[in-house]
Amino acid sequence: MRKKDFYERDTVIPPADPQISSKQMTMLRNIKAIFDKHHTNYKIIISPLYDQIALNSRDNSILQNIFGQNTIFNF
């Protein structure tokens, strides 16, 4: 096995700093409008980073408010 190639990680996962500002919110709303216009079936996947930093809860809330809770999958 290659288990020795991976170091032990802390079980506490720190949140990232907020990344979505008003400019990004405008762009996300524009993306959502395009999806709605074209009746796009979509899912947004937030994949874990190697350094195990969690998506900021404020950013997650913003994404859920814009795109809907059933379309955001935060792993």
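Computed from the coordinates by the stated procedures, all read-outs in this text should not be read as laboratory data. Predicted, not measured: the structure shown is a model, and the values here were computed from it. No Cβ is skipped: glycine too gets one built from the backbone with ideal geometry, and neighbour counts run over all protein chains shown.
See the values below:
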| item | result |
| --- | --- |
| For the chain, the fraction of alpha-carbon pairs in successive 10 Å shells from zero, as % | 16, 41, 25, 12, 5, 0 |
| For region 41-56, Karplus couplings with θ = phi - 60° (6.51, -1.76, 1.60), whole Hz, Gly/Pro x | 8, 9, 9, 10, 9, 9, 8, x, 7, 4, 7, 6, 8, 6, 4, 4 |
| Residues with amide H under 5 Å from that of ILE46, placed H, sequence gap 5 or more | PHE73, ASN74, PHE75 |
| Net charge, ASP59 excluded, C-beta distance under 15 Å - Lys, Arg +1, Asp, Glu -1 | +2 |
| Lysines whose Cα lies under 26 Å from that of LYS23, excluding same-chain neighbours fewer than 8 positions away | LYS32, LYS37, LYS43 |
| Degrees separating the helix 57-67 axis from the principal Cα axis of the chain, which is the longest one | 40 |
| Candidate aspartates and glutamates - alpha carbon under 19 Å from LYS3, same-chain residues fewer than 8 apart omitted | ASP51 |
| Value of [θ]222 nm, deg cm²/dmol, for the chain, DSSP H segments ≥ 4, -39500 (n - 2.57) each, nearest 500 | -11500 deg cm²/dmol |
| Spin-label pair HIS38/ARG2, simplified geometry with 7 Å Cα→Cβ offset, distance in nm | 3.6 |
